[in-house]
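Contents: one structure, followed by commentary.
The values are calculated or read from the model by the stated rules, or taken from the named source; none is laboratory data. Given the structure is predicted, the values throughout are model-derived calculations rather than measurements. Note that each Cβ is placed from the backbone with ideal geometry, even for glycine, and that neighbours are counted across all protein chains shown.
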Amino acid sequence: MTRTSPAAEFDSESIERLDQIIASHLHREGPLLPILHDIQAEWGMVPDDAQPIIAKALNLTRAEVYGVVSFYHDFRDHPTGTHVLRLCRAESCISMGADDLADQVCRALGIGWHETTPDGRLTLEPVFCLGLCACGPSAEFDGKLVGRANLAKVTRFVQEARA
Ligand code: FES
């Protein structure tokens with residue numbers, strides 16, 4: 001398993017950028033989630049180093065910030081590969097064969113959940129409903145929804161990404 005990618009270097013420049021993101025949401029009633037979304041958009045993850053800074057700015061405990069990051073499946077506290085494949089793990093897709101698809105994809109890629117291929121190109125993540133329940137099993141590749149996903153479709157996306 002490899003969890004490398006353009007990992008965030010949390011230097012003084014990063015802290016300055018983080019401060020800007022936090023400041024841009026402080027006027028909101030619930031600033032934590034939009035701050036976390038912007039941080040993930042900036043660094044591809046919510047770096048551990050950012051969490052105490054966010055906590056201090058919002059007058060929260062580090063545990064409270066960590067609790068939110070770990071509760072929402074959309075937030076990552078680890079870097080991803082260049083491409084991200086997400087397979088739906090929610091009930092409707094499970095009833096349409098999502099477990100089998102996940103097994104096949106894991107075997108084909110040689111990685112498990114939250115892992116990245118050794119070339120650093122692809123990370124596999126679970127997701128709990130993509131809003132495409134009628135077309136399960138559903139997947140998402142780099143933000144693009146894939147309905148009635150099967151190994152052939154997923155493999156095609158992966159191969160195109162690696163080309
Ligand atoms: S349950 Fe899979 S998209 Fe909704």
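What to note about this one:
- Count - residues of the range 118-144 that are out of contact with any strand residue (DSSP E or B) (no Cβ under 7 Å at 6 or more places or on another chain) and either more than 16 Å from the ligand (Cβ to nearest atom) or farther than 14 Å from ALA90 by Cβ (or both): 3
- Test result for ILE54, of a type in the set (A, V, I, L, M), assigned by TED's automatic domain parsing to the domain that holds LEU26 and away from the ligand (no atom under 16 Å from the Cβ): yes
- In the range 54-69, of all residues being of a type in the set (Gly, Ala, Ser) and surrounded by 14 or more Cβ atoms within 10 Å (Cβ to Cβ), the one that is nearest to ILE21 (Cα to Cα) corresponds to ALA57.
- For the range 93-112, the criterion of being free of Cβ contacts under 8 Å to residues at least 60 places away in the same chain, more than 16 Å from the ligand (Cβ to nearest atom), under 25 Å from GLU160 (Cβ atoms) and not in a helix (DSSP H, G or I) is met by at least one residue.
- Considering only residues in the range 103-124 that are among the acidic types (Asp, Glu) and surrounded by fewer than 19 Cβ atoms within 10 Å (Cβ to Cβ), the one that is nearest to ALA149 (Cα to Cα) turns out to be ASP103.
- Taking the criterion of being free of Cβ contacts under 8 Å to residues at least 40 places away in the same chain and either within 16 Å of the ligand (Cβ to nearest atom) or of a type in the set (S, T, N, Q) (or both), the residues of the range 75-92 that qualify are ARG89, GLU91.
- Top-ranked residue of the range 22-52 - restricted to ones that are over 21 Å from the mean Cα position of the chain (by Cα) and in a helix (DSSP H, G or I), ranked as surrounded by the most Cβ atoms within 10 Å (Cβ to Cβ): HIS25
- Top-ranked residue in the range 56-92 [being of a type in the set (Gly, Ala, Ser) and outside any loop (DSSP other than H, G, I, E, B); ranked as nearest to CYS133 (Cα to Cα)]: SER92
- Pair list, Cβ < 7 Å and 6+ apart or interchain, from the range 146-163 residues that are touching a residue at least 12 places away in the same chain (Cβ under 8 Å) to residues that are aliphatic (A, V, I, L, M) and exposed (fewer than 14 other Cβ atoms within 10 Å of the Cβ): LEU151/ALA108; THR155/ALA108
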